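One structure is given here, and the rest of the page talks about it.
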Amino acid sequence: MAQLKSVDAVIVGAGFSGLYLLHLLRGQGFTTRVFERAAGVGGTWYWNRYPGARCDVESMQYSYSFDEELQQEWSWPEKYSAQPDILDYINHVAEKYQLSKDITFNTSVCRAHFDEISKQWKIVTDTGEVVKASHFIMATGCISTANLPNIPGTGDFGGKIYHTGKWPHEKVDFSGQSVGIIGTGSSGIQSIPVIAAEARHLTVFQRTPHWTVPARNVPMTDEYEKIWKKDYAERRAQMRYSPSGSLRSVAPIDISALDVSEEDREQAYRERWAAGGMTLLKSYNDLLTNDAANETAAKWVRQRIAGIVKDPKTADLLSPKTYPIGTKRLCLDTDYYEAFNRQNVELVDIVKEPIERITLNGLKIGDRTFAFDSIVFATGFDAMTGTLLRVDIQGRGGLTLQKKWEAGPRTYLGLMSEGFPNMYTITGPGSPSVKSNMMSSIEQHVELVVDTLMHLRENSIETIEPHRSAEDDWVEHVQEVANQTLFPKANSWYMGTNIPGKPQLFMPYIGGVGAYRRICEEVVADGYRGFAFEQKISEAAAAE
Ligand code: N01
């Protein structure tokens with residue numbers, strides 16, 4: 001029988017995580033295979049091509065920091081990058097470090113089983129390829145499995161159906177069309193103004209109004225770029241130990257919102273609203289931990305909505321009232337509320353009366369029918385665990401990841417799960433991941449994994465795996481920290497509430513990027529505290 005191909009590491013995914021892993025592992029002499037289901041690199045930025053798709057972290061900070069030459073040579077056209085510009089950047093990176101030649105595209109990993117005798121992972125792809133690997137690294141991203149709700153009749157629709165997270169490559173032209181869009185999270189909020197400007201008519205179906213603040217995106221200026229590039233390395237170092245993995249243009253105020261006068265608060269909110277971006281939530285130190293403090297910001301933003309949206313009923317519908325501001329991911333928009341002042345845009349509340357079914361011509365809610373040429377689902381993702389649990393992963397004793405995580409994800413540091421030796425989840429549940437600038441968190445996890453593989457190799461260690469007690473403590477700590485905040489008060493994809501039947505608990509680690517990095521550093525300095533090692537048995541000893 002032919003011997004199976006064997007490599008040091010198999011990486012799943014060729015987004016920002018997978019590419020950096022490949023670059024580092026190859027540089028350290030590890031044999032590596034990368035499998036990517038798409039036809040190209042880019043991960044989330046490959047798939048999310050919907051109109052208006054843009055990053056909500058500033059371009060100067062949403063980019064790799066590992067190579068000074070790369071960060072100096074690249075120029076971003078805008079303060080917040082649009083999807084095509086980010087994809088250009090990722091392709092440039094793949095070309096610069098000649099990564100694509102080691103990536104197998106159009107190939108999904110569907111099975112990975114750990115063999116306790118050989119201590120290797122056996123990985124099977126949907127093209128029938130089978131590879132053995134000492135290390136199995138899921139670099140599959142946090143929001144990579146689209147959520148298409150199970151609305152009756154979806155197959156009956158005679159027009160075109162789109163999902164923002166799986167957008168076609170060719171331009172979708174909505175000119176002259178009547179379009180319906182379901183969902184008002186970040187993807188809906190970004191695409192609605194753009195589709196509204198093109199379509200004949202746009203109907204927005206809203207279940208929960210999301211909080212959104214202006215991005216104030218502008219073209220990149222030479223001056224701003226120079227400020228960053230002058231001391232890029234120093235700024236990146238600060239980002240790595242900052243709470244969110246990024247630096248704010250307006251400094252946070254380290255006092256309670258309740259300890260200042262209403263006039264001072266208004267002034268602070270006004271400044272941050274004018275500056276744009278996420279800084280509004282950092283106006284005071286208790287906006288995400290104290291209901292009353294949060295409500296001061298919420299009330300102020302509701303007043304802005306009422307000031308922009310001309311129809312009071314629509315303004316009221318767009319104003320969130322059922323959960324604190326910032327506890328679903330805060331959206332950054334460009335002219336979102338303004339779009340509802342257009343004659344061709346209609347908002348339909350689907351809380352009291354949900355969508356009953358999709359029909360041949362559109363959709364039906366109670367006795368109302370809507371006719372559409374196209375329907376856009378901006379309905380989000382089975383986030384953080386969806387992609388991991390769709391692969392048939394089996395660890396020791398045939399334990400499946402689905403079984404192990406049936407009550408919610410269980411990891412140590414968001415990086416490994418007990419029972420699954422040498423399997424790593426880059427920005428996995430239980431790490432800062434989506435509650436941070438993903439680029440900072442990706443680089444930290446990738447470097448930690450590669451350092452770990454080198455440590456194992458240098459010390460003839462065959463496997464690494466968390467102790468159950470370390471994992472239990474970490475899972476508890478992640479929830480403890482989340483419970484000190486207002487985040488669990490919202491139904492959100494952070495909590496898993498957007499997917500029917502999914503366990504509900506806060507999945508990312510919200511203790512801060514810098515604090516988390518220090519914890520990881522201490523764990524390593526303390527001889528990988530909380531991890532168990534299995535030493536390699538030498539051939540001589542094995543023969544005895
Ligand atoms: O998804 P979402 P998203 N019937 O889950 C609604 C990142 N991202 O793709 O709130 C009717 O936030 C759902 O309603 P509700 C970012 O991290 C970043 O917009 O559950 N409606 C909600 O309105 C972001 O948070 C960027 O009541 C249904 C919407 O669909 C994450 O991706 C850009 C429904 C889904 O909102 C996800 O954002 C885009 C149903 N059955 C995305 N099911 C930037 O960098 C769901 N909904 C700016």
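Counting only residues that are over 30 Å from Gln28 (Cα atoms) and within 27 Å of the chain's Cα centre (by Cα), give me the helices (runs of 4 or more DSSP H) lying completely in segment 430-544 with at least 2 of them.
In segment 430-544, the matching helices (runs of 4 or more DSSP H) lie at 468-483.
Give Ala482, Ala470 a once-over and let me know the one that is in contact with a strand residue (DSSP E or B) (Cβ under 6 Å, 6 or more places away or on another chain), at pLDDT 95 or above and more than 16 Å from the ligand (Cβ to nearest atom).
Answer to the check: Ala470.
Every residue, every condition in (1) within 13 Å of the ligand (Cβ to nearest atom); (2) hydroxyl-bearing (Ser, Thr, Tyr), yes or no:
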site	(1), (2)
Gly29	no, no
Arg33	no, no
Trp45	yes, no
Thr107	no, yes
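Residue pairs, Cβ under 6 Å, 6 or more apart or interchain, first in segment 60-82 and free of Cβ contacts under 8 Å to residues at least 24 places away in the same chain and within 16 Å of Met239 (Cβ to Cβ), second surrounded by 13 or more Cβ atoms within 10 Å (Cβ to Cβ) and among the small types (Gly, Ala, Ser). List them.
Filtered contacts from segment 60-82: no entries.
What pairs come up if the first residue lies in segment 505-521 and is modelled with pLDDT of 95 or more, the second is assigned to a helix (DSSP H, G or I) and small (Gly, Ala, Ser), and their beta carbons are under 7 Å apart, counting only those six or more places apart or on different chains?
Pairs found: Phe506/Ala482; Pro508/Ser433; Ile510/Ala482; Val513/Ser440; Val513/Ser441.
Based on what the data block shows, is Leu347 aliphatic (A, V, I, L, M), touching a strand residue (DSSP E or B) at 6+ places or on another chain (Cβ under 8 Å) and farther than 30 Å from Ala298 by Cα?
no
Which condition breaks for Asn341 when tested against (1) touching a Lys or Arg at 6+ places or on another chain (Cβ under 7 Å); (2) under 18 Å from Leu148 (Cα atoms)?
Tallying (1) touching a Lys or Arg at 6+ places or on another chain (Cβ under 7 Å); (2) under 18 Å from Leu148 (Cα atoms), Asn341 fails exactly one: (2).
Give all pairs with beta carbons closer than 9 Å in which a residue from segment 83-105 that is over 22 Å from Pro168 (Cβ atoms) meets a residue that is of a type in the set (Lys, Arg) and part of a strand (DSSP E or B); count only pairs at least 6 apart in sequence or on separate chains.
If the second residue must be of a type in the set (Lys, Arg) and part of a strand (DSSP E or B), the pairs left are Asp102/Arg33; Ile103/Arg33; Thr104/Arg33.
Report yes if some residue within segment 513-532 is within 16 Å of the ligand (Cβ to nearest atom) and among the aliphatic types (A, V, I, L, M); otherwise report no.
yes
From Met439, Met423, which residue is over 30 Å from Thr322 (Cα atoms), in contact (Cβ under 8 Å) with a residue 60 or more places away in the chain and within 16 Å of the ligand (Cβ to nearest atom)? It would help to see each step written out before you state the result.
Values: Met423 fails: within 16 Å of the ligand (Cβ to nearest atom).
On inspection, the qualifying residue turns out to be Met439.
Select from segment 106-125 the residues that are touching a residue at least 24 places away in the same chain (Cβ under 8 Å), not hydroxyl-bearing (Ser, Thr, Tyr) and not in a strand (DSSP E or B) and list them in ascending order.
Asn106, Glu116, Lys119
The values are calculated or read from the model by the stated rules, or taken from the named source; none is laboratory data. Since this is a predicted model, take the numbers as computed values, not measurements. Because the Cβ atoms are built from the backbone with ideal geometry, glycine has one as well, and the counts that use them run over all protein chains shown.
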